[in-house]
1. Output the strands (runs of 3 or more DSSP E) that fall wholly within region 1-113 and possess 1 or more residues being of a type in the set (D, E) and in contact with a helix residue (DSSP H, G or I) (Cβ under 9 Å, 6 or more places away or on another chain), or say none.
2. Mind checking which residues of region 186-219 are under 19 Å from A244 (Cβ atoms) and under 14 Å from the mean Cα position of the chain (by Cα)?
3. Which ones in region 176-206 are closer than 30 Å to D18 by Cα, in contact (Cβ under 8 Å) with a residue 40 or more places away in the chain and of a type outside the set (S, T, N, Q)?
4. Report yes if K215 is over 21 Å from G95 (Cα atoms), without any contact (Cβ under 8 Å) to a residue 24 or more places away in the chain and not hydrophobic (A, V, I, L, M, F, W, C), otherwise no.
5. How about region 190-228: which of its residues are within 25 Å of G151 (Cβ to Cβ) and of a type in the set (D, E)?
6. Residues in region 22-31: is at least one within 19 Å of F175 (Cβ to Cβ), in contact with an Asp or Glu (Cβ under 7 Å, 6 or more places away or on another chain), at pLDDT 95 or above and not aromatic (F, W, Y)?
7. Residue pairs, Cβ under 8 Å, 6 or more apart or interchain, first in region 230-254 and crowded, with 16+ Cβ neighbours inside 10 Å, second of a type in the set (K, R). List them.
8. Before we move on, is T225 in contact (Cβ under 8 Å) with a residue 12 or more places away in the chain, under 19 Å from P125 (Cβ atoms) and among the hydroxyl-bearing types (S, T, Y)?
Amino acid sequence: MSLIDSHCHLTYDALAADPDGAWQRAREAGVEAAIVIGIDAATSPRVLEFVAGYPDLFAAVGIHPNEVGLAGSNDMARIAELASDPNVVAIGESGLDSYWDRAPLDRQRGFLEEHVELALELDKPLILHIRDQYPLAAEMLAPHAESGLRGVIHCFAGEGHEADPFIAWGWPISFSGILTFPQANNVREAARRTPLDQCLIETDAPWLTPRGHGKGPNEPAFVATTAARLAEVKEISLERLAEATTANARRVFGL
């Protein structure tokens, strides 16, 4: 049985001191590949430098919605330049987040449109960070979905029904350690609504440590815990869940 962590930050925050060690532990836990995410024009080059040393790590480059308030006028041009690297399999993460008051929503919307244009130009999936803005995001993205945009809803955390527009477009929904939290019935409802062939699993490491791993930083190795909980929610075996989500990730990111 093997798994793919569809979203992690191996070179950032608590994992930055020893990303190689974290990835080695993940490989020992049965994680066969991972997508490592950049959050702005400064961190994305470090992501590319790191994944270049591993045949089973891939990159996404973009400017996180909480970081767009600090983005410079040339930062999206830098992201576009980095996105041509063959190890870049997705654009992002980009999106809308009104939970944190770090950037005006209008500015987030403008940057989201620029990420959409880049994803369409390069024909790469767009990894979407959405928090407390699922209806607005669906409204903004609907015309682009009709034009062929491929999106990935990272770390879904909304109400179950808020996943429906994205599911209807055939976009995968990625589930994180939140799925294991006792109060996250909304996320488990979304998981029940999402067809198996549209399910992905992720850690969002070093954040959102699944239940059962203490209070330390999250790691890609812990994606197995989220996989086990998703299998329970879907009422299927862990082996079937692992096979499906791994195949989904390979298809979505062209691995």
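The values are calculated or read from the model by the stated rules, or taken from the named source; none is laboratory data. Predicted model, so just to flag it, every value in this text is computed and none were measured. Note that we place each Cβ from the backbone using ideal geometry, even for glycine, and neighbour counts take in every protein chain shown.
1. The qualifying strands (runs of 3 or more DSSP E) are 3-8, 31-37, 88-97.
2. Q198, C199, L200, I201, E202, T203
3. G177, L179, C199, L200, I201, E202, D204, A205, P206
4. Details: over 21 Å from G95 (Cα atoms): yes; without any contact (Cβ under 8 Å) to a residue 24 or more places away in the chain: yes; not hydrophobic (A, V, I, L, M, F, W, C): yes.
Yes: the conditions hold for K215.
5. The answer is D197, E202, D204.
6. Checking region 22-31: at least one residue is within 19 Å of F175 (Cβ to Cβ), in contact with an Asp or Glu (Cβ under 7 Å, 6 or more places away or on another chain), at pLDDT 95 or above and not aromatic (F, W, Y).
7. Sorted first by the residue in region 230-254, then by its partner, the pairs are A231/R240; V233/R188; V233/R192; K234/R192; L241/K234; V252/R150.
8. Judged against the criteria, T225 is not a match.
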